[in-house]
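**Student:** Before I ask anything, here is the structure I am working with.
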Amino acid sequence: MLFRRLLSFGCMVSIAVAAASSQPSKIDPAFLGFWDLDVAKSEFVGQPKPKSGQVNWGEHGWAFALVLADGQLFTDAAMTDHGCIYVGKSRLTCEYEILTPRHVRLRMRAGKNVVRVGDIELLNDNVTQTTHRVMPPDGAPYVEKTIWTKQK
């Protein structure tokens with residue numbers, strides 16, 4: 001009888017641990033808020049530097065805007081409640097992975113081809129660094145590094 005109780009308890013603990021470990025991780029709350037691109041500290045490797053950039057991280061995704069070097073505006077947004085879903089029309093799909101609460105990976109695809117992987121890391125609660133590995137369909141791959149500072 002005692003053996004059966006211990007076996008039942010052990011099974012319940014195993015199920016609880018498995019259920020807890022299968023829950024998605026949460027990003028560090030320090031990610032949440034408005035962030036400004038530090039153009040001077042960012043590296044765009046032969047690409048024209050944008051004039052400015054801003055991203056708003058929220059609990060359900062992000063909205064992103066860049067004023068490009070030629071004055072054009074680039075925007076995108078994604079919801080991350082159930083994977084990664086772009087808001088509006090996009091030729092790209094995205095995948096969102098929380099490697100640690102302070103390190104998020106975004107993978108963008110055009111069809112089956114990965115065109116950009118962005119590793120976003122909180123360096124401290126007020127600075128993020130993103131390393132973008134870009135694989136354009138019509139050129140050589142390159143790496144961009146961007147630094148973002150949190151608005152106060």
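**Student:** In a solvent-free Debye calculation with one equal scatterer on each Cα, what is log10 I(q)/I(0) for segment 27-150 at q = 0.13, 0.16, 0.18, 0.19 Å⁻¹, listed in the order of the q values?
**Tutor:** -0.50, -0.80, -1.04, -1.18
**Student:** Ranked by Cβ crowding within 10 angstrom, fewest neighbours first, how are GLU144, GLU59 ordered?
**Tutor:** GLU59, GLU144
**Student:** Lys and Arg at +1, Asp and Glu at -1: add these up for the other residues within a Cβ distance under 14 Å of ASP70 and post the number.
**Tutor:** Every neighbour counted, the sum reads +2.
**Student:** Within segment 27-150, how many Lys pairs that are eight or more residues apart, or on different chains, come under 15 Å at the alpha-carbon?
**Tutor:** 5
**Student:** Note down the net charge around GLY83, summing +1 for each Lys or Arg and -1 for each Asp or Glu among other residues with Cβ under 12 Å from its Cβ.
**Tutor:** -2
Every number here is computed from the coordinates shown, using simple stated rules; none is lab data. Please read all numbers here as calculations on a predicted model, not as lab measurements. All Cβ positions, even for glycine, are placed from backbone atoms using ideal geometry, and neighbour counts span all protein chains on display.
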